[in-house]
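Read the structure below first, then the notes.
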């Protein structure tokens, strides 16, 4: 089976990391992995050089003749970071299946306090943006509410052809184009980047009515402090710091920020292994 172009590129960059090599060195080092044809590799590496993934120069060979030596280029790290993100997304896919297959919960949070739903306008936002799998939640919120429409944050392309009645409250959860005390409920699916979270929480508090409720659903939240380095901790820290859009968050950080703005706040875990941060405006 012919190896995918992206897989060959990734393998070439990893082979060159810290070790400049000739095309023959690269060919022999990855033969067992991919077995690329000799006529394919030069063309691929030329394209990689044009894309800034590689740089090359002619250097004297060990036996005299000059040979072209390659090393990673200025765009290589960005490309490898994209590959890492894709790999972690795949891991999270299977982690989600694992979590949902387990009945027991990870954390000993208090049981959810089923508060009576507020009556009034609802705001919904998802991070990094609303996707198709958020539509069911939006419909559920409207079905259980006396409101006929819902306000959202960010791009509305996914909603335009759904028949859902909505309006856009702004492009950024930290700067909403609505008056104070507008919403009785705010539902966030996912968490903004941690450096933007304080301003987002403050803005949510501003636009909530008295006794209004804020709920933040975090698909992948971790609370236990790491005891020693491990693959799991590497994935956790890398995901939360480099790829916040994947939804992995440090739960203690989110809780502390939420408590700062909402003294009446808490957290509980759903039966699907997700975490819900909740708060009520006093």
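Any read-out appearing in this document is the output of simple, stated calculations on the displayed coordinates, not a laboratory observation. Keep in mind that what you see is a predicted model, and the values were worked out from it rather than measured. Glycine also receives a Cβ, built like all others from the backbone with ideal geometry; neighbour counts cover every protein chain displayed.
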**For the chain, built as a Gaussian network whose Cα springs stay under 10 Å, the top-fluctuating residue of 173, 257, 216** = 257
**Request:** State the label only: which of [x] 123; [y] 199; [z] 188 corresponds to volume of the Cα convex hull per residue in Å³ computed from the shown model?
**Result:** [z]
**Complete:** Within the set 238, 162, 100, GNM on the chain using Cα springs under 10 Å gives the largest fluctuation to 162
**Item:** Crossing angle, helix 40-50 versus the chain [Cα axis fit, 0-90 degrees, rounded to tens]
**Value:** 60 degrees
**Asked** Going by how many other Cβ atoms sit within 10 Å of their own, how do 180, 255 line up, fewest first?
**Response** 180, 255
**Message:** Looking at the chain as a GNM with Cα springs under 10 Å, which of 194, 91, 122 has the largest mean-square fluctuation?
**Reply:** 91
**Asked** Tell me, 24, 70, 95 in order of fewest to most beta-carbon neighbours within 10 Å?
**Response** 24, 95, 70
**Item:** Considering only the chain, percent of DSSP beta bridges that pair antiparallel, nearest 5
**Value:** 50 percent
**Which of 187, 129, 93 has the fewest Cβ neighbours within 10 Å, and the rest in rising order** = 93, 129, 187
**Helix 5-16 axis, angle to the chain major axis (alpha carbon atoms, nearest 10°)** = 70 degrees
**Fill in**
Helix 76-101 sits off the longest principal axis of the Cα atoms of the chain, rounded to the nearest 10 on a 0 to 90 degree scale, by 50 degrees
